[in-house]
Amino acid sequence: MPMANCEGEKKSMGTSNAEMCLEGSPEKAREEHVIRARSGWQPVHFRELWYYRGVLYIMAWRDIKLRYRQTVLGGAWAVLQPLLAMLIFTVFFGRVGRFQSGDTPYAIFAYAGLLPWTFFSNAVTLSSNSLLGNQALVSKVYFPRLFIPLGAIGALLLDLLVGLGLAFVLLFYYHRPLYLTLLLLPFFMVAAVGASAGVGLVLAALNVRYRDVKYVVPFLVQMGMFVTPIIYPVNVAPAWTRPILALNPMTGVVLGFRYALLGEGMDWALTAGSLAVALVLFVGSVFLFRRMEVEFGDVI
Amino acid sequence: MKPVIEVEGLSKRYYRGRAGNSNSTLREALMNVFTAGRGRPEGQAPSQSSEFWALREIGFSVREGEVVGVIGSNGAGKSTLLKVLSRITEPTAGTVTLRGRMASLLEVGTGFHPELTGRENIFLNGTILGMSRQEIARKFDEIVAFAEIGDFLDTPVKHYSSGMYVRLAFAVSANLAPDILVVDEVLAVGDVSFQKKCLGKMSEVSSQGRTVLFVSHNMAAVENLCQRGIVLRQGRLVFDGAAKDAIQSYLSGISAGASGVTHRINLQGPGQRQRHYTEILREMQLLDGSGTPLTAPLSMGQPMQLAIDAHFARPVRDVEIGVGFDSIFGQRLVTYTTALDANWPGGNFTGAHRFLCRIPELPLTAGEYRLKVFARTSGVVLDAVENACQLQVVESDMFGTGNQPYGAFAGRSSWRLAVPEDADHLELLNG
């Protein structure tokens, strides 16, 4: 059976028009909207996304407001999550496992990798559950569904920034200089969002129909930790693992964060490959999401 | 001018017993991947019987400023229609053209979060419903005033009473300023005075030239609010016209569907009455105020007539014919008899006669009632048929206020404020 879809054709949409509607001006330009059955791959309506941008903002804002409400430590959790992970890994791998992190203290070496990884794992976990967690919205009101998982990811950017603040404290504590490579950090943060969305959007869409996803995500995140050079330097990984690392969308982000924060030597080939994978994954996931979106209202 | 809503050939198919239309479990999906090359086994083809059409070839258009009620019994397709119009679900076939900014209220407080404060929820809910931040900020005071939440503005809504919650939710929705407003049953919530306020707000919206599509089970609200009504039955549009006629069409549809509802009730035959009664009562007809057969439930507060055919085998003096209305629990609520009519001439009867009873306003609220018919002479029961038939009374806007009475009876009253001239009388009462 053909999947139904709805196509929004908006003429003269935007805030100014909304304002006119509000005043009830008789000669306002009417937006025309056609809803019809369609199936298959859908284009991305950037105009519509722009029109509804306030929803993306409010979804992220709501998640931020709610995340640490009724917790004793509140926003401190944003710092504590990567910090505690760092302490654990420093004790186990830095001391016991004896990973060689060059002349960089293992603690900040691990922290620089854990920072984007914590973002990624939280982003994937939260975004993959976001549609189910907002069933009431999906079944009662229309706005671009992409904004539900993207809002969940957007809310985590604040945690990332807070965690970044701690990174600078650590750098200061270990008397590390700041490198010019720091200017590349925003780029790698965008890449982190792209990689998280690339995985999160697909899982969110699949989760609507296949609740199996809920059980898969924790494994995926746990496994990802080991196939990403977070707690070990990339040069200790055996040569045969390089294709796996290159196919992992987070490898480039982790290496990039380390490069930007610690000025470490950079494996550009591996990073470029991994970032390309992240980009393809992101674009692909948006289209897959758009394709599956047409049945959310019926299935959820 | 082009219509604001144009619906053409709109159909929506669902599959029974399955979510959506394809593989509903991952295992099934994986199995299909493996079996795809070999083709589907015969038995697995989607069977025709499992599909059903929630909407079938619906077509109508709505002009600017019209307020249209969509009515139909449960499962008639009302909600599906609204969901398609609101872009929550996609049609299987057909098109909908909307001209103007649309907002749909399938429930009040969409997206409300219990942990967030009233203030925060106003912004959250408003944005999700399509308002810009500036718009919400500008209307903020109006929303708070309408909701009457005052001091609780910065309290999480989980601590609100349900009344406050609903008021706040509706207040945000009511201050939306769309060209087209689609509303589903939101008036079913809240206390009576608040419902009244909502109705007022909605008629205000429509008087500003906005188009409203209103789905409700509350016939009084539909009658009060809408000029036009659309009736859906089993996914098809069966009536489109004036709201009053639409309600009538809907009600007659219900009773036609109900088993054996007829206006002509046979009172003859064994088993209808106790053995020792003489068979005098033969037939009763239920008629509406104008004397046409009542094939639909009676609207509350409407006049009705009864025609009772009786046959007296031998002359009977001082005949009293009557009918009683019992609740379904068997409690007598009201009795109408010839003995209670000052203008009834009385008399002695032989042979066949038809007694016509006119009830100017049945004072019963919506519900099911049982009718008992009897014939007496000077207090002695000659014939009686218990449970002759059931009568369904349905809600209507009998007071012209959109409000429904509570209790068993629907009584009229008029109200005013006391003025000084009333003082003597009041003192008299107190004294």
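Bear in mind these aren't lab numbers, they're just calculated from the coordinates by the rules spelled out. Owing to the predicted nature of the structure, the values given are computational and were not obtained by experimental measurement. So basically every Cβ, Gly included, is an ideal-geometry build from the backbone, and we count neighbours across all protein chains shown.
Evaluate the charge dipole of segment A:44-299 about its Cα centre and quote only its size in Debye, nearest 20, assuming +1 on the Cβ of each Lys and Arg and -1 on the Cβ of each Asp and Glu.
Rounded to the nearest 20 debye, it is 400 debye.
Assuming R0 = 35 Å, can you tell me the calculated FRET efficiency for the pair B:Glu368 and B:Glu51, based on Cβ-Cβ distance, to the nearest 0.05? Before the final figure, lay out the partial values.
Values: r = 35 Å, r/R0 = 1.01.
After rounding, the FRET efficiency stands at 0.50.
Excluding A:Ser128 itself, what net charge comes from residues whose Cβ is under 12 Å from its Cβ, given Lys and Arg +1 and Asp and Glu -1?
Residues close to A:Ser128 contribute a combined charge of +1.
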Taking the Cβ of each residue in B:Met1, B:Met131 as the centre, tally the other Cβ atoms inside 10 Å and list the residues starting with the fewest.
-> B:Met1, B:Met131
How many nm separate the modelled label positions at B:Ala137 and B:Glu204, each set 7 Å beyond the Cα in the direction of the Cβ?
-> 2.4
Long-range amide H contacts for B:Ser299: which residues qualify at under 5 Å (H placed 1.01 Å from N, peptide plane, sequence gap of 5 or more or a different chain)?
-> B:Val394
Exposure proxy check on B:Val238, B:Val4, A:Val299: fewest-to-most Cβ neighbours within 10 Å is B:Val238, A:Val299, B:Val4
Along Cα→Cβ, 7 Å out, is where each label goes; now give me the distance between the ones at B:Glu115 and B:Glu361 in nm to one decimal.
-> 5.4
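With a cut-off of at most 14 other beta carbons within 10 Å, and DSSP calling the residue loop, which trypsin sites (Lys or Arg not before Pro) in segment A:134-231 qualify? Please list them. Can you show the working numbers first?
On the way: sites: A:Lys140, A:Arg145, A:Arg209, A:Arg211, A:Lys214; in loops: A:Arg145, A:Arg211.
The qualifying sites are A:Arg211.
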At R0 = 41 Å, FRET efficiency that the Cβ-Cβ distance of A:Val236 and A:Leu132 yields, to 0.05 = 0.55
Tilt of helix A:185-209 relative to the longest C-alpha principal axis of chain A, in degrees (0 to 90, nearest 10)?
-> 60
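Between A:Leu73 and A:Val162, what length comes free when the chain is fully extended (0.36 nm per residue of separation minus the Cα-Cα distance, one decimal in nm)?
Values: separation 89, 0.36 × 89 = 32.04 nm, distance 1.42 nm.
Net length gain for the segment: 30.6 nm.
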Distribution output for segment A:44-299: share of Cα-Cα pairs per 10 Å bin in percent, first bin at 0, values 7, 30, 35, 20, 7, 1
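I need the calculated FRET efficiency for the pair A:Val190 and B:Val238, taking r as the beta carbon distance and R₀ as 56 Å, to the nearest 0.05.
0.50
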Cα-based helix-to-principal-axis angle, A:249-262 vs chain A, degrees rounded to 10 = 60
Okay, which of segment B:334-355 sit inside 20 Å, backbone N to the point 7 Å along the Cα-Cβ direction of B:Val380?
-> B:338-339, B:346-351
For segment B:202-237 and segment B:89-163, what is the separation of their Cα centres, given in Å?
-> 22
Roughly what would the spin-label model give for A:Leu288 and A:Tyr174, points 7 Å off Cα along C-beta, in nm?
-> 3.6
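Over 32 Å between C-alpha atoms is what I'm after, so list which of B:Lys78/B:Lys201; B:Lys197/B:Lys372; A:Lys65/B:Lys78; B:Lys201/B:Lys244; B:Lys158/B:Lys244; B:Lys12/B:Lys244 land there.
Working: B:Lys78/B:Lys201 23 Å; B:Lys197/B:Lys372 41 Å; A:Lys65/B:Lys78 37 Å; B:Lys201/B:Lys244 22 Å; B:Lys158/B:Lys244 41 Å; B:Lys12/B:Lys244 28 Å.
From the list (B:Lys78/B:Lys201; B:Lys197/B:Lys372; A:Lys65/B:Lys78; B:Lys201/B:Lys244; B:Lys158/B:Lys244; B:Lys12/B:Lys244), the Cα-Cα distance tops 32 Å for B:Lys197/B:Lys372; A:Lys65/B:Lys78; B:Lys158/B:Lys244.
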Chain A: angle of helix A:268-293 to the longest principal axis, Cα-based, in degrees nearest 10 = 30
In segment A:35-81, which chymotrypsin sites (Phe, Trp or Tyr not before Pro) are in a loop and have at most 11 other Cβ atoms within 10 Å, using DSSP for the loop call?
-> A:Trp41
